[in-house]
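Participant: Dropping a structure here in structure tokens format, bear with me for questions.
The values are calculated or read from the model by the stated rules, or taken from the named source; none is laboratory data. This structure is a prediction, so every number in the text was calculated from the model and none was measured. A quick note on method: Cβ atoms are made from the backbone with ideal geometry, for glycine too, and the neighbour counts reach across all protein chains shown.
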Amino acid sequence: MKGLFMTPEVQNAAIGCLEEGTQKIINLYTYTALLLNACDVAAKGYEARKDNFQLSTTMYIPDSLRLPVEVERKVEVVFHRNDLPGAYRGEALKKLAEDFMIRMVAVMDDVLEDIYEKTLPLVFPDLSEADIAKKVRASWCQDKNDHVNIFNFLVNDAGLKSPKGRRSTLDMVFDRYYEMREIRHALVHSAGILSEKSKVRLNSLAERLPKDLRTGSLALKPFLTDGVVKLTGLEILMLRHWAYTTIMDYLKNSFKESGS
């Protein structure tokens with residue numbers, strides 16, 4: 001099978017997926033922002049109180065929905081008023097930031113897989129639905145050139161090119177996304193602790209950048225300290241901006257220019 005030069009149909013399908021994905025990221029942040037505000041309001045509220053208030057995290061759970069250990073041993077987590085501001089500004093905020101990163105990467109995975117699924121039959125019309133489904137399931141399998149199947153299809157078969165006038169190339173952009181997926185993997189599977197394999201992979205991805213551009217690598221950001229992912233509210237804002245500018249907008253421009 002020989003891939004076709006990028007057509008308007010491929011461009012429109014891909015750009016539509018990217019625009020939908022951008023809106024999903026905006027929506028994701030919108031409700032994350034409400035939770036950030038809730039943490040701030042709660043922290044300030046408990047800080048202002050002067051009583052001996054205590055908060056039980058299980059107090060209002062009906063007995064029928066309590067865990068056996070909570071009922072039999074009367075186990076519960078209780079926060080004293082003095083501890084609550086720090087809990088909301090610390091661990092609760094950290095959990096919010098981690099959740100945002102995990103969900104944002106999930107959205108972007110879906111966007112790229114949707115592009116793959118919708119453009120495959122446009123580039124290779126003889127593929128069956130079963131063939132397409134099989135390829136989509138293998139979207140993130142890594143090929144010999146150290147890139148995943150989605151990247152190789154878009155560049156080698158669909159004719160995707162880097163936008164003109166940018167130092168960043170498609171290789172660099174996908175490398176940054178591979179970094180994000182490594183970080184997400186650590187958050188989901190090992191409480192934010194990077195495995196040795198992930199450390200090696202991240203270091204390798206960073207070193208593929210030209211030396212004067214390596215500060216753009218996520219692997220070198222301050223939130224990856226001593227091999228542990230440490231996120232705050234600031235990283236939520238940074239990641240949101242990064243997702244739009246480095247990935248979504250870049251790819252949108254790539255598709256727009258590749259057919260011209």
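Participant: So, in the range 133-162, exactly how many residues are at pLDDT below 90 and over 18 Å from E113 (Cβ atoms)?
Facilitator: So the count comes out to 3.
Participant: Go through the range 156-176 and count every residue that is under 23 Å from L218 (Cα atoms) and either hydrophobic (A, V, I, L, M, F, W, C) or in contact with a strand residue (DSSP E or B) (Cβ under 9 Å, 6 or more places away or on another chain) (or both).
Facilitator: 4
Participant: Separate question: L237 fails exactly one of the following numbered conditions: (1) buried (at least 17 other Cβ atoms within 10 Å of the Cβ); (2) under 16 Å from the mean Cα position of the chain (by Cα). What is the number of that condition?
Facilitator: Only one criterion is unmet by L237, namely (1).
Participant: State whether the residues of the range 144-158 include one that is over 20 Å from the mean Cα position of the chain (by Cα), surrounded by fewer than 20 Cβ atoms within 10 Å (Cβ to Cβ) and in contact (Cβ under 8 Å) with a residue 40 or more places away in the chain.
Facilitator: Yes: one or more hits.
Participant: Same structure, new question: Checking the condition at pLDDT below 95, in a helix (DSSP H, G or I) and of a type outside the set (G, A, S), which residue from E70, E20, E98, E76 passes? Don't jump to the end; show me each part of the working.
Facilitator: Values: E20 fails: at pLDDT below 95; E98 fails: at pLDDT below 95; E76 fails: in a helix (DSSP H, G or I).
Criteria check complete, one pass: E70.
Participant: Those residues that are surrounded by 17 or more Cβ atoms within 10 Å (Cβ to Cβ), more than 16 Å from the chain's Cα centre (by Cα) and either over 15 Å from V111 (Cβ atoms) or of a type in the set (D, E, K, R) (or both), I need them from the range 13-53; list them, please.
Facilitator: L36, C39, A42, A43, Y46
Participant: Here's something else I'd like to know. Based on what the data block shows, is D109 in contact with a Leu (Cβ under 9 Å, 6 or more places away or on another chain) and either in contact (Cβ under 8 Å) with a residue 24 or more places away in the chain or acidic (D, E) (or both)? Working first, answer last.
Facilitator: Working: in contact with a Leu (Cβ under 9 Å, 6 or more places away or on another chain): no; either in contact (Cβ under 8 Å) with a residue 24 or more places away in the chain or acidic (D, E) (or both): yes.
Here the answer is no, as D109 does not meet what is asked.
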